[in-house]
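The structure appears below as structure tokens.
Values in this text are rule-based calculations from the coordinates and carry no lab data. The structure displayed is predicted, hence computed values, not measured ones. Positions of Cβ are generated from backbone atoms using ideal geometry, with glycine treated the same way; all protein chains shown enter the neighbour counts.
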Amino acid sequence: MESHDLDLDHDSVYDGLLGDSSQQASQWAFGTDFEDPLAGVDTTIPAGVDGAALAAYCLMLGDDALIYAHRLSEWTSNAPDLEDDIALANIALDLLGQARLLLARAAAADPRVVPPLPDGSPIPPDDALAFFREEPAFRNVRMVEATNGDFAVTIARLLLFATHRLALLQRLTTSLDPVLSAIAAKGVKEVTYHRDYAGRWFVTLARGTEESRRRLVAGLRTVWPMYAELSRRCETEALAAEQAFGVDPGTLADEVDAVIEHVLATSGIERPDLPPSGTGPLGRSGHHTEAMGKLLAEMQVVARAHPMGKW
Amino acid sequence: MSSPRGGSALAVAATVTDPEMPMLTLVDLGVLRDVVEEGERVTVTITPTYSGCPAMATMRDDLRHALLDAGYADVDVRISLSPAWSSDWITEGGRRKLSTHGLSAPGPAPTGPVTLTLTPLRRPIDCPRCGSADVELTSEFGPTACKALYRCRACLDPFEHVKEI
């Protein structure tokens, strides 16, 4: 038998993730390895805009996208059929992309928001924000951290979230901050598909079988009380609207409501008559539900175990 | 290593292909926005098709390697977010290549106010394999962010359609 030098070809197939030494920083394995999603983009803060306020606002919008992307990605390999598995994974990917841009924008606007990492860590600011912040530092609404429930709960939540976010991103295309405006313009194209997807499934489930309708009605009732937080103006949004780079979500309510009403009417489903869950401090001020801790534990565990990006 | 010749950086960058749809160059796809050459230094600007497009890093690395191999000493790849990429930027040549490779090219991107479409989109497209117009949408989302899934009712083959955005 021919002798074979195992040392010559035993290299792990994963070695490629680290790349050659000159490229190492670019091969950070947790993200999509483009170390700065805003590389070369002019991130100068416009006159009249406070960097800290802009960073807080971008973090908030980025966290909504990041946390929801993580939740939706839990459907991967679990969705009712292959097409919806792919659809939900794609929607999660779009939101993750928006999250990276928004978190990178936040870090560029105010580097103080980025958690400190050991010297020499290759982890870029957007990944540091995603993986190394503690729960109270996340500013997403509670609605996106809640567990997925069944497919009907997921569709009801996606319809409400995508309808709100599409209206918001459309308004943000005229943000005083050109970076936020560009991120929003791109997001509008993506979220249009998300809203259509959720809207079609909403109608299909409503007009499907007795069981699908029962589940949809129950799903809508599950997510409805948390939905109110999206249009409740927080301090960060008030400041953002005042400085003309952001939107007071209260001013979107009518527009969002008209779309939801149209879907409900087409589906023959009544608007739930339920009060908002929670009137005190909610997700926008870092007060999260039990589900958030478990989500973060899973999302952050690998990165936190390897702050130097190697193992 | 050959030494760079004036104006050739664009020609080199134009040979780099999309990692997900390798029949298309980055020029065909419309993501290569600018190539500026100053001596041995090249600055390339690309734009993402979708915010979460995971191919961006590979495009960046491929551009850098191609230009370094062509003899440029310093290659900087930058991102441009505005204006946002539109499927209208796929060139005529790119559309022909998609079709030759069994993919359906996008129609005109939507313009004007964003509308909610509660019924399945009806695109006037033909099967890229047999040419039949008797096709059905199986999913608005496909194997990459930029594609929808279709099936031809005539030849029964599934195919991918590059979405309009």
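For chain B, with a Gaussian network of springs between Cα atoms less than 10 Å apart, report the residue from B:Ile46, B:Ile90, B:Ile125 with the top mean-square fluctuation. Taking springs between Cα atoms under 10 Å, the residue moving most is B:Ile125. From the residues B:Ala148, B:Thr100, B:Val114, which one has its Cα farthest along the dipole of the range B:96-160 in the positive direction, the dipole being from +1 and -1 charges on Cβ of Lys/Arg and Asp/Glu about the Cα centre? In the range B:96-160, that residue is B:Thr100.
Which number comes out as Rg/Rh for the range A:26-305 once both Rg and the Kirkwood Rh are worked out on C-alpha atoms? Mind dumping the intermediate values first?
On the way: Rg = 18.3 Å, Rh = 19.1 Å.
When Rh is taken as the Kirkwood radius, the ratio is 0.96.
With θ taken as phi - 60° and the Karplus curve 6.51 cos²θ - 1.76 cosθ + 1.60 applied, the whole-hertz 3J(HN,Hα) list for the range B:131-144 is x, 5, 8, 8, 10, 10, 6, 9, 7, 6, 10, x, x, 10 Hz, x standing for glycine and proline.
Legend: ranking of residues A:His287, A:His164 from fewest to most surrounding C-beta atoms inside 10 Å; resulting order A:His287, A:His164.
Each listed q (0.21 Å⁻¹) maps to a log10 I(q)/I(0) for the range A:92-210, found by the Debye formula over equal Cα scatterers with no solvent: -1.23. If you bin the C-alpha pair distances of the range B:9-79 every 10 Å from 0, what whole percents do you get? Histogram of Cα-Cα distances, whole percents per bin: 22, 59, 18, 1.
So for A:Val301, A:Val203, A:Val141, fewest C-beta neighbours within 10 Å to most, what's the order? Present the calculation step by step, with values, prior to reporting the outcome.
Values: A:Val301 11, A:Val203 21, A:Val141 27.
By the 10 Å Cβ count, ascending, the order reads A:Val301, A:Val203, A:Val141.
Rounded, prolate or oblate, given the Cα gyration tensor of chain B, with a/c below 1.5 counting as rounded?
Values: a/c = 2.89, a/b = 2.02, b/c = 1.43.
Since a/c reaches 1.5 and a/b is larger than b/c, the shape of chain B is classed as prolate.
Between helix B:56-69 and chain B there is an angle of about 40 degrees, using the helix long axis and the longest principal axis of the Cα atoms.
Looking at the protein assembly as shown, send over the antiparallel percent of its DSSP beta bridges, to the nearest 5.
Values: 16 of 24 bridges.
If I count the DSSP bridges inside the protein assembly as shown, around 65 percent turn out antiparallel.
Counting only Cβ charges, +1 for Lys and Arg and -1 for Asp and Glu, the dipole size of the range B:14-165 around its Cα centre is about 580 debye.
From other protein chains only, count the Cβ atoms within 10 Å of every residue's Cβ in A:95-103, then give the mean.
Values: counts 2, 3, 8, 3, 2, 2, 5, 1, 0.
Going residue by residue through A:95-103 and averaging, the value is 3.
Remark: mean inter-chain Cβ contacts per residue of B:116-124 equal 5, using a 10 Å Cβ-Cβ cutoff to other protein chain atoms.
Using a simple charge model, +1 on the beta-carbon of Lys and Arg, -1 on the beta-carbon of Asp and Glu, nothing else, what dipole does the range A:127-284 show about its Cα centre, in debye to the nearest 20?
Values: 19 positive and 21 negative charges, 80 e Å.
Value, rounded to 20: 380 debye.
Please give the per residue volume of the convex hull enclosing the alpha carbon atoms of the protein assembly as shown, rounded to a whole number of Å³. Spell out each step's value before the answer.
Values: hull volume 91.5 nm³, N = 476.
Cα convex hull per residue, to the nearest whole number: 192 Å³.
With charges only on Cβ, +1 for K and R and -1 for D and E, what is the dipole size of the range B:92-162 about its Cα centre, in debye, rounded to 20? Don't jump to the answer; show the numbers that get you there.
On the way: 9 positive and 7 negative charges, 25 e Å.
Here the range B:92-162 has a charge dipole of around 120 debye.
Could you tell me which of rounded, prolate or oblate describes the range B:54-117, using a ≥ b ≥ c as the square roots of the eigenvalues of the alpha-carbon gyration tensor, with rounded for a/c under 1.5 and, failing that, prolate when a/b is larger than b/c and oblate otherwise? Oblate is the answer for the range B:54-117, as a/c is 1.5 or above yet b/c matches or exceeds a/b. For B:Tyr150, A:Tyr68, the sequence from fewest to most other C-beta atoms within 10 Å is B:Tyr150, A:Tyr68. Would you mind checking the tilt of helix A:290-305 against the longest principal axis of the Cα atoms of chain A, expressed as 0 to 90 degrees and rounded to 10? That helix lies at roughly 20 degrees to the long axis.
The alpha-carbon atoms of the range B:92-162, seen along their principal axes, cover 34, 27, 22 angstrom, with the largest extent given first. Remark: the range A:231-236, residue by residue, has Karplus-estimated 3J(HN,Hα) of 9, 8, 5, 9, 4, 4 Hz, where x stands for each Gly or Pro and the curve is 6.51 cos²θ - 1.76 cosθ + 1.60 at θ = phi - 60°. The 3J(HN,Hα) values that the Karplus relation (6.51, -1.76, 1.60; θ = phi - 60°) gives for the range A:259-268 are, in residue order, 5, 4, 4, 4, 5, 4, 5, 4, 8, x Hz. Gly and Pro appear as x.
Relative to the longest principal axis of the Cα atoms of chain A, helix A:210-227 runs at roughly 80 degrees. With contributions of -39500 (n - 2.57) from each DSSP H run of at least four residues, the per-residue ellipticity at 222 nm computed over the protein assembly as shown stands at -14000 deg cm²/dmol.
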